[in-house]
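Notes to accompany the following structure.
The values are calculated or read from the model by the stated rules, or taken from the named source; none is laboratory data. Computed from a predicted model, the values in this text were never measured in an experiment. All Cβ positions, glycine included, derive from the backbone under ideal geometry; neighbour counts span all protein chains shown. Ligands, DNA and RNA are excluded from the accessible area calculation, which covers all protein heavy atoms including side chains. Shrake-Rupley method; radii C 1.70, N 1.55, O 1.52, S 1.80 Å.
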Amino acid sequence: MNVPFVSFRPMEKELNSELRAAFDRVFDASWYIEGKEDEAFEKAFAEYCNTDYCIGVGNGLDALMLALKALGIGAGDEVIVPSNTYIATALAVTYVGATPVFVEPDIRTYNIDPAKIEEKITDKTKAIMPVHLYGQPCDMDPIMAIAKKYNLYVVEDCAQAHGALYNGKVIGSFGDAAGFSFYPGKNLGALGDAGAAVTNNKEIADKIRALGNYGSDYKYHHIYQGNNSRLDELQAAFLSAKLPLLNKMNEERRRIADCYLSNIKNLELALPFVPDYAVPVWHVFAVRTNKRDELAAYLAEKGISTNKHYPIPIHLQDCYKDLGITQGMLPIAEEISATQLSLPMFYGMTDEQIEYVIDCLNKF
């Protein structure tokens, strides 16, 4: 049996008519940037996130970068980010001229450890950027308390966690702003690159929108040195077609995760830990093992595709050598990078595929 790491086919088959109708609607309107489709999706996604404002942008990295820029963060500032995350989190900080300061995760949840944040705060710290990694919400109450204590902004990186809940409240609605990615593989994915920032602050929302539109508040009038990052009409229409299915798709991911958690019995594997406060959306189902490469090869022989998130931590990437963080200085992130393996997880995965993955894992 072959089990892909991810497949869009079941979702695309279910939404075939809606996605084709979305394309036809945009094509017939002959309006491709900043139109009715973008406006409708922004309104619907803001409501979904329980926020007042949503601003569509070109991708998730831009959403984070523009949010930081709108908050006035720049050269000479520091932003606290987790040491275990995708590089886009750190790049957003770098792109506004600030410096990312890495804080180690709780190895059980893979997310930033609130107990380790305060020791990294300096007089240059301006914000905390928690990442709801793999679809698991961060422990937001202590993070928000620390931010309040030190008068710091909070920008949530929600790129992998559309619809995840923390103590019953949807992520993205805690901080001053939040960034989402709609890369095709996300729980809510476009059919190309796309992203959005959400916030409850009108001033921040207006500034993000202007910054993403060449710094312009109205045509040919530029109040900021901005960027070109806008959600195009076609991707907005596709996202509007998929948004009503998001909760159903997330519930299916939870069902698959529950099957994995209940039935994987191999003691060589460390399974994900779900705190009481969390309702994850399982963008990634990550296990850890000291035999990661052997396990990946074994599963590949069995026709099961896997992935490694992320095999080289950010601080050891060539592009961040200038930070002077050498091997061994962030040991938890390095351990996760060396032992983490992501199992197949996608909407439409069959019971036979799930059982086959579990059976192969238990026989490893």
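Data table
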quantity: Count of segment 308-364 residues which are open to solvent by less than 30 Å² (accessible area, probe 1.4 Å), in a helix (DSSP H, G or I) and of a type in the set (Gly, Ala, Ser); calculated: 2
quantity: Selection status of ALA21, more than 26 Å from GLU252 (Cβ to Cβ) and either in contact with a strand residue (DSSP E or B) (Cβ under 6 Å, 6 or more places away or on another chain) or among the aliphatic types (A, V, I, L, M) (or both); calculated: no
quantity: Qualifying position, being under 24 Å from ARG254 (Cα atoms), outside any strand (DSSP E or B) and charged (D, E, K, R), among ASP141, ASP193; calculated: ASP141
quantity: Long-range neighbours under 8 Å by Cβ, at least six apart or interchain, first residue within 14 Å of LEU66 (Cα to Cα) and touching a residue at least 24 places away in the same chain (Cβ under 8 Å) within segment 205-224, second charged (D, E, K, R) and loosely packed, with under 15 Cβ neighbours inside 10 Å; calculated: ALA205/ASP52
quantity: Members of segment 227-263 found to be of a type in the set (Gly, Ala, Ser), surrounded by fewer than 19 Cβ atoms within 10 Å (Cβ to Cβ) and either at pLDDT below 95 or not in a helix (DSSP H, G or I) (or both), listed by number; calculated: none
quantity: Selection from segment 207-219 of residues that are modelled with pLDDT of 95 or more and either exposed (fewer than 10 other Cβ atoms within 10 Å of the Cβ) or in a strand (DSSP E or B) (or both); calculated: ASN213, SER216
quantity: Pairs with Cβ under 9 Å, 6+ apart, first in segment 346-363 and on the phi > 0 side of the Ramachandran plot, second among the hydroxyl-bearing types (Ser, Thr, Tyr) and open to solvent by less than 60 Å² (accessible area, probe 1.4 Å); calculated: GLY348/SER7
quantity: Meets criteria (surrounded by fewer than 19 Cβ atoms within 10 Å (Cβ to Cβ) and touching a residue at least 40 places away in the same chain (Cβ under 8 Å)) for ILE107; calculated: yes
quantity: Residue, surrounded by the most Cβ atoms within 10 Å (Cβ to Cβ), within segment 163-192, restricted to residues that are within 19 Å of PHE5 (Cβ to Cβ) and of a type outside the set (A, V, I, L, M, F, W, C); calculated: SER181
